[in-house]
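The values are calculated or read from the model by the stated rules, or taken from the named source; none is laboratory data. These numbers come from a predicted model, not from an experiment. As a convention, Cβ positions derive from the backbone with ideal geometry for all residues, glycine included, and neighbour counts pool all protein chains shown. These area figures cover heavy atoms from the full protein model, side chains too; ligands, DNA and RNA do not enter into them. Shrake-Rupley method; radii C 1.70, N 1.55, O 1.52, S 1.80 Å.
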Amino acid sequence: MNWEEVYTSAKQWVIEAGEIIRASFKRTLTIRTKSNPNDLVTDIDQQIEQFFISKIRERYPEHKIMGEEGFADRIEQLDGIVWLIDPIDGTMNFIHQQRNFAISIGIYEHGIGKVGIIYDVVHDELYHAVRGNGAYLNDQPLQPLKERAVKESIIALNATWVMENHRINHQLLIPLVRDARGTRSYGSAALELVYVATGRVDAYLSMRLSPWDVAAGAVLVEELGGVVTNLKGEKLDFISRNSLFAAKPGLHQVILEKYLKKGNW
Ligand code: IPD
Ligand code: CA
Ligand code: CA
Ligand code: CA
């Protein structure tokens, strides 16, 4: 596989998709709900997913595609080359704020992340990496992540975990929130992973995410020396929904040992 060519095509299509999204700001969106009244999808989410699928099927008919909005393939295992696509990550932000959302594309070969691309459309910031070749923001190389103490860390997490008491003991997170310097919540898993990759936050925790939410971000974070697992510290399989814990090297182990290990996540 000519990864350089796949990488170049993917970046080009992501930029084109970003132009379609920017143009949509001028018109009225069609908004529908999915599993619950807060689970939103717009015609643009669907249009962008279909845009990528048609480009990939035309250029790489042998590749498989997993996507959030249901137009892609039914994927049960990650053999061969699989594109994991979230056409708009942060749809609620896209609708309510017209910012704080991103396009996220991970390309995996036999379950290993090869390419990660996340495009912050509004800021025109393209984050991209090919495994083993460094990670970039537009043309600028991103710096490897350095260790950091919990007490100097900013941790991204979503307040919905306070509702999760029936499943897990969320009280276990209170000491971590207390010991950290601060917490943040941006409403886009892809951007929160990019913020770990760029050091804007030091760690990101989430109770439940889908493979397309994390596929690209995991490549970027790992390329810079960060660690990406579930909240138990186990590897992700990128097939099923799972919890997520991404952090700077060192910090990941400390948070896991000191705060998360007791949890039944
Ligand atoms: C959502 C965002 C959000 C996360 C949700 C995801 P979507 O993705 O990443 O930050 O908390 O779990 O579903 O639906 O906007 O693509
Ligand atoms: Ca969604
Ligand atoms: Ca998403
Ligand atoms: Ca989405």
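Residues are listed down the side, and each one gets a yes or a no for (1) over 26 Å from residue 106 (Cα atoms); (2) open to solvent by less than 30 Å² (accessible area, probe 1.4 Å); (3) aromatic (Phe, Trp, Tyr):
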site: 180; (1), (2), (3): yes, yes, no
site: 184; (1), (2), (3): no, no, no
site: 228; (1), (2), (3): no, yes, no
site: 241; (1), (2), (3): no, no, no
site: 248; (1), (2), (3): no, yes, no
Please work out which residue is farthest from residue 5 (Cα to Cα), limiting yourself to the stretch 47-86 and to residues that are open to solvent by 40 Å² or more (accessible area, probe 1.4 Å) and within 16 Å of ligand 2 (Cβ to nearest atom).
70
Subset of the stretch 198-221, residues more than 11 Å from residue 84 (Cβ to Cβ) and either in contact with a Cys (Cβ under 9 Å, 6 or more places away or on another chain) or more than 16 Å from ligand 4 (Cβ to nearest atom) (or both), comes to 198, 199, 200, 201, 202, 203, 204, 205, 207, 220, 221
Take residue 39 and decide whether it is more than 19 Å from residue 223 (Cβ to Cβ), surrounded by fewer than 18 Cβ atoms within 10 Å (Cβ to Cβ) and within 11 Å of ligand 1 (Cβ to nearest atom).
yes
Enumeration of residues in the stretch 124-140 that are farther than 17 Å from residue 227 by Cβ and surrounded by 12 or more Cβ atoms within 10 Å (Cβ to Cβ):
125, 126, 127, 128, 130, 133, 134, 136, 137
Qualifying residue in the stretch 158-167 (condition: modelled with pLDDT under 95, more than 16 Å from ligand 1 (Cβ to nearest atom) and either within 11 Å of the chain's Cα centre (by Cα) or open to solvent by 10 Å² or more (accessible area, probe 1.4 Å) (or both))
yes
